[in-house]
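Everything on this sheet refers to the single structure shown next.
FYI, it's all coordinate maths here, none of it is from the lab. This is a predicted model, so every value here is computed, not measured. Note that each Cβ is placed from the backbone with ideal geometry, even for glycine, and that neighbours are counted across all protein chains shown.
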């Protein structure tokens, strides 16, 4: 695959979702609609920057990370991949942009990536994750731990976790 375009027009408040699977437009439309649903009790507008361009078809995680590395405000990128498009709950892949160089030492990096550098989240979780990482309220490792604790390995979002639904 040739080099992917660098993403430069994302608003710092917008979560970044990149579509890498283009086999089913109908499923994509449903997933995109779920991402755009207002969130929270006050029905806040969904702030999502979606990349829906076939140039990203089949892009691997490391290729996506290379393309977004210039965005210093981005803590996590969400990928709508083959699993997202074929699973009933459409779990996106959440990938931290954190690198070893961002950490004080190996121990710090190991602690922050204890459950890995990626996990799955339902579309409603995108807003929780992005907002809390952006303001430093919670860390990626906390969301990864919650996903790790789920029987299917998916972060279910605060509103779902609080009610036990998924």
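Put a dot 7 Å past the Cα of residue 6, heading toward its Cβ, do the same for residue 135, and the two dots end up 3.1 nm apart.
Rounded, prolate or oblate, given the Cα gyration tensor of the range 62-119, with a/c below 1.5 counting as rounded?
Values: a/c = 3.18, a/b = 1.67, b/c = 1.90.
Verdict is oblate for the range 62-119.
Would you mind ranking 155, 109, 143 so that the residue whose beta carbon has the fewest other beta carbons within 10 Å leads the list?
109, 143, 155
Relative to the current alpha-carbon distance between residue 45 and residue 110, full extension at 0.36 nm per residue lengthens the span by 19.9 nm.
Calculated FRET efficiency, residue 142 to residue 63, Cβ-Cβ distance, R0 = 30 Å: about 0.65 to the nearest 0.05.
Taking all Cα pairs closer than 8 Å and separated by 6 or more residues, the relative contact order of the range 15-159 comes to 24 percent.
Taking a ≥ b ≥ c as the square roots of the eigenvalues of the alpha carbon gyration tensor, the range 109-159 is oblate, as a/c is not under 1.5 and a/b does not beat b/c. Rg and Dmax over the alpha-carbon atoms of the chain stand at 15.2, 45 Å. Summarising the label geometry, the points placed 7 Å from Cα in the beta-carbon direction at residue 70 and residue 103 lie 2.8 nm from one another.
Fewest neighbouring Cβ atoms within 10 Å first, the residues 85, 36 line up as 36, 85. Sorted ascending by nearby beta carbons within 10 Å, beginning with the fewest, 81, 106 become 106, 81.
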